[in-house]
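The values are calculated or read from the model by the stated rules, or taken from the named source; none is laboratory data. Just so it is clear, the model here is predicted, and its values are computed rather than measured. Note that we place each Cβ from the backbone using ideal geometry, even for glycine, and neighbour counts take in every protein chain shown.
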Amino acid sequence: MSEGADRIALALSITTNPHRLVRAIFSGRRRNMNPEFEKVHLRPVQIGSEVKLQIVTTSEEKVRTTNIDFAEFEPEKLWHSGFANLLVEGTTESITARFTKKGEPLVSIKPARNPQNLAHDQTRARLLNTDSEFAVRLGLADKSGRLKPSMRKKFAQVEEFARILLPLVKTAIGRQKIHTPSLARPLTIVDHGCGNAYLTFALHLFLLEQGLPNRIVGIDKREDSRLRNQDAAEKLNLTENVTFIAERIQNLAQAPTDIVLALHACDTATDDALAWAVQNSARIVLAAPCCHQDLQRQMSPEVGPWSLVVANPILKQRLGDILTDSLRAQLMRVCGYRTDVIEFVGDEHTPRNAMIRAILDERLDHSRRTTEILKYRELADFWKVRPRLGEFLGI
Ligand SMILES: C[S@@+](CC[C@H](N)C(=O)[O-])C[C@H]1O[C@@H](n2cnc3c(N)ncnc32)[C@H](O)[C@@H]1O
């Protein structure tokens with residue numbers, strides 16, 4: 001074995017030792033290889049009386065965490081799947097390895113004293129500053145920059161939007177689906193049903209901090225909301241890039257837009273936001289729906305065996321939620337969006353914690369579109385419902 005391979009073997013052996021591993025990161029891509037994940041992060045965590053290996057995998061759009069027994073972990077298999085870089089911090093050393101373009105491993109080992117932290121619930125890295133002027137001005141934080149207890153839930157929702165959006169934007173730029181933004185040509189974003197504009201301001205500033213100049217417009221039907229938010233934008237000196245319009249989404253003028261957001265836009269306002277996104281060819285759409293009343297009003301009590309379910313108001317409501325978002329997601333697929341419905345934040349932060357995540361891919365060819373429309377109609381017809389988004393899109 002070459003010296004480099006020996007050293008990599010040592011680094012990998014640390015990742016299987018619960019007493020020595022502090023953290024490890026596998027990242028990058030070796031030439032002509034295609035590992036399943038962009039990044040894999042390992043660390044030991046104490047769960048009950050056992051120390052487990054926590055594995056966080058990041059792929060294009062998903063971050064997934066699992067905790068397994070150390071004995072189950074196969075580091076060689078992971079490493080040989082094609083990563084180019086490895087960082088292993090053990091309790092007594094830090095090892096970095098990378099493959100050169102010629103395929104040679106370069107490994108450095110430095111003595112270190114890295115303390116283990118086995119806490120399971122490590123606070124997730126904060127993405128948004130609470131001590132910024134915006135957080136204080138909008139009432140998310142108190143004057144000393146501490147997050148207000150009453151705003152924790154909203155803050156968590158906004159932060160998860162940021163966490164989900166960032167890799168999507170970077171990937172879209174990397175694939176030239178969205179232009180590289182500049183001050184002269186910023187990203188364009190619309191936040192539908194913006195209310196107090198926590199999301200609007202937070203994402204504008206967050207993306208800017210990430211080197212992504214952007215112009216964001218908050219839409220709300222309420223004029224008082226526009227006046228308050230516009231006033232905040234003036235006081236924060238952001239009026240050039242953060243603006244507000246008092247208008248119903250369904251009446252809003254068309255404007256090609258890169259990103260469309262909607263956080264808890266009420267009932268069918270989410271449908272209107274999705275329709276607007278489709279009409280304006282938004283590349284990325286993140287919509288966390290709020291109350292779903294439209295379909296519940298339409299759902300018939302006579303639906304064969306399902307009558308047993310819809311006879312219970314709470315079950316009918318839950319089923320109505322599922323049905324509404326399944327049909328919305330399918331309509332987005334029909335319109336050429338790669339779409340899934342994810343839990344964007346824990347339900348301790350809001351019971352309305354589903355998000356429709358849609359990325360404009362390619363418009364479907366005629367036959368695929370017809371197939372997807374048929375799937376949509378089958379479900380809608382079974383329930384004898386006509387979702388507003390479908391009506392709007394003429395599907
Ligand atoms: C539950 S609040 C959410 C506010 C904000 N996005 C947040 O999460 O803090 C919903 C907002 O959507 C607005 N809204 C509801 N229907 C709308 C429509 N059709 N067009 C524009 N705004 C609408 C309401 O005025 C309200 O401010």
Inset, instruction - Kindly indicate which of Ala112, Ala125 is aliphatic (A, V, I, L, M), at pLDDT below 85 and under 30 Å from Ile14 (Cβ atoms). - result: Ala125
Inset, instruction - Give the range 253-263 a look and list any residue that's within 16 Å of Leu389 (Cα to Cα) and either near the ligand (Cβ under 8 Å from one of its atoms) or aromatic (Phe, Trp, Tyr) (or both), or say none. - result: Ala262
Legend entry - Flag for Arg185 being within 19 Å of the chain's Cα centre (by Cα) and either modelled with pLDDT under 95 or over 22 Å from Ser225 (Cβ atoms) (or both): no
Inset, instruction - Pull up the range 209-227, narrow it to residues that are within 9 Å of the ligand (Cβ to nearest atom) and part of a strand (DSSP E or B), then point me to the one that is nearest to Trp276 (Cα to Cα). - result: Ile219
Legend entry - Filter result for Ile342 (surrounded by fewer than 19 Cβ atoms within 10 Å (Cβ to Cβ), assigned by TED's automatic domain parsing to the domain that holds Ile178 and either out of contact with any Gly (no Cβ under 8 Å at 6 or more places or on another chain) or modelled with pLDDT of 95 or more (or both)): yes
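Okay, residues lined up against (1) more than 29 Å from Phe382 (Cα to Cα); (2) outside the structural domain of Arg328 (by TED's automatic domain parsing); (3) acidic (Asp, Glu):
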position: Asp231; (1), (2), (3): yes, no, yes
position: Glu234; (1), (2), (3): yes, no, yes
position: Gln279; (1), (2), (3): no, no, no
position: Leu286; (1), (2), (3): no, no, no
position: Cys290; (1), (2), (3): no, no, no
position: Asp294; (1), (2), (3): no, no, yes
Inset, instruction - Sort out which residues of the range 260-303 are part of a strand (DSSP E or B) and not small (Gly, Ala, Ser), and write them in order of number. - result: Val260, Leu261, Leu263, Ile284, Val285, Leu286
Inset, instruction - For the range 1-46, enumerate the residues that are touching a strand residue (DSSP E or B) at 6+ places or on another chain (Cβ under 6 Å) and among the aliphatic types (A, V, I, L, M). - result: Ile8, Ala11, Ile14, Leu21, Val22, Ala24, Ile25, Val40, Leu42, Val45
Inset, instruction - With respect to Leu205, determine if the residue is closer than 19 Å to Arg357 by Cβ and either crowded, with 16+ Cβ neighbours inside 10 Å or within 16 Å of the ligand (Cβ to nearest atom) (or both). - result: no
Legend entry - So Gly193, is it over 18 Å from the mean Cα position of the chain (by Cα), within 16 Å of the ligand (Cβ to nearest atom) and touching a residue at least 60 places away in the same chain (Cβ under 8 Å): yes
Inset, instruction - Return yes or no: is Leu183 more than 14 Å from the ligand (Cβ to nearest atom) and not β-branched (Val, Ile, Thr)? - result: yes
Legend entry - In the range 261-277, the residues that are of a type in the set (A, V, I, L, M, F, W, C) and either outside the structural domain of Leu323 (by TED's automatic domain parsing) or more than 16 Å from Phe344 (Cα to Cα) (or both): Cys266, Ala269, Ala273, Leu274, Ala275, Trp276, Ala277
Inset, instruction - Determine which member of the set Arg318, Arg283 is free of Cβ contacts under 8 Å to residues at least 12 places away in the same chain, of a type in the set (D, E, K, R) and away from the ligand (no atom under 15 Å from the Cβ). - result: Arg318
Inset, instruction - Looking at (1) charged (D, E, K, R); (2) within 16 Å of the ligand (Cβ to nearest atom); (3) more than 17 Å from the chain's Cα centre (by Cα); (4) surrounded by 15 or more Cβ atoms within 10 Å (Cβ to Cβ), find the lone condition where Arg152 falls short. - result: (4)
Legend entry - Residue list for the range 345-384, filter: surrounded by fewer than 17 Cβ atoms within 10 Å (Cβ to Cβ) and of a type in the set (A, V, I, L, M, F, W, C): Leu374, Leu379, Phe382
Inset, instruction - Mind counting the residues in the range 219-268 that are acidic (Asp, Glu) and either crowded, with 16+ Cβ neighbours inside 10 Å or over 24 Å from Leu207 (Cα atoms) (or both)? - result: 6
